[in-house]
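See below for the structure under consideration.
The values are calculated or read from the model by the stated rules, or taken from the named source; none is laboratory data. Being a predicted model, the structure only gives us computed values, none of them experimental. For neighbour counting, all protein chains shown are included, and Cβ atoms are generated from backbone atoms with ideal geometry for every residue, glycine included.
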Ligand code: GDP
C-alpha cells in the first residue's frame with residue numbers, strides 16, 4: 001500500500017468521542033518504549049506524526065490518524081509503566097479496555113513486542129485477556145536491527161514456544177525495524193489485504 005496521506009484527527013480518553021463513521025481501524029499497542037511511535041512514523045513516512053520520546057509512558061490518549069482517507073491508524077497508550085502509579089495505571093487500563101471491547105470499527109490490533117527480550121508477563125497477561133474476550137491480534141516484533149539475524153530467529157522460536165504453552169494456535173507474527181525501515185511493506189500490505197476482504 002502506498003501512503004498518500006496521513007493526518008492527525010483527534011486525541012481523547014473516551015471511546016465514545018472517537019471519530020464517527022465506518023472506516024476500519026488498525027490499532028497499535030505495547031509496553032512503553034517498545035518503539036510504537038517510531039513504527040507509526042516509519043509506516044506513515046511522517047517523522048513527527050506520533051510523539052516519540054525518551055520518556056516512556058507519555059502517550060496516554062487514544063490518538064486517531066486518518067490514512068489515505070480510507071482507514072484510521074490508532075495509537076493506543078503504552079501500558080505497564082510504573083511511573084503512572086497504581087491509580088494512573090488503572091485509569092489507563094480502563095481507557096485501553098473500553099476502546100478494545102467497545103470499538104466496532106476496530107478490525108485489527110497490533111501488539112508490539114521488543115524482539116530482544118523473552119516473553120514478558122505483562123504482555124502474556126494482556127494476550128490472555130484478549131483471548132478471553134475474543135479479540136484477534138497480530139504481534140509485531142520491533143527493533144530487529146538491535147540483534148543479529150540468528151539471534152532474532154532464536155528469540156522468535158523461544159517466544160512462539162512460550163505462547164504454545166497456553167495457546168493452541170499462534171497469532172500472525174510480523175517483524176520490523178524503524179531504524180532500518182524494515183517490515184514497512186509487510187505491515188502495510190497486511191493491512192491492505194484485510195481492507196480488501
Ligand atoms: P514508544 O514509547 O513505544 O512510542 O517508543 P519510541 O518509538 O518512542 O521508541 C523508544 C526508543 O526506542 C527511542 O529511543 C527510539 O529511538 C528507539 N527505537 C524505536 N524503534 C527502534 C528501532 O526499530 N531500532 C532502534 N535501534 N531503536 C528504536
If you go through 157, 121, 196, the only one that is loosely packed, with under 15 Cβ neighbours inside 10 Å and under 22 Å from residue 33 (Cβ atoms) is 121
I'm trying to understand the selection: among the residues of segment 141-172, which are more than 16 Å from the ligand (Cβ to nearest atom) and either under 21 Å from residue 4 (Cα atoms) or in contact with a strand residue (DSSP E or B) (Cβ under 9 Å, 6 or more places away or on another chain) (or both)? 159, 160, 163, 170, 171, 172
Residue 40 fails exactly one of (1) at pLDDT below 95; (2) within 16 Å of the ligand (Cβ to nearest atom), namely (1)
Scan 193, 161 and give me the residue that is without any contact (Cβ under 8 Å) to a residue 60 or more places away in the chain, farther than 21 Å from residue 104 by Cα and out of contact with any helix residue (DSSP H, G or I) (no Cβ under 6 Å at 6 or more places or on another chain). 161
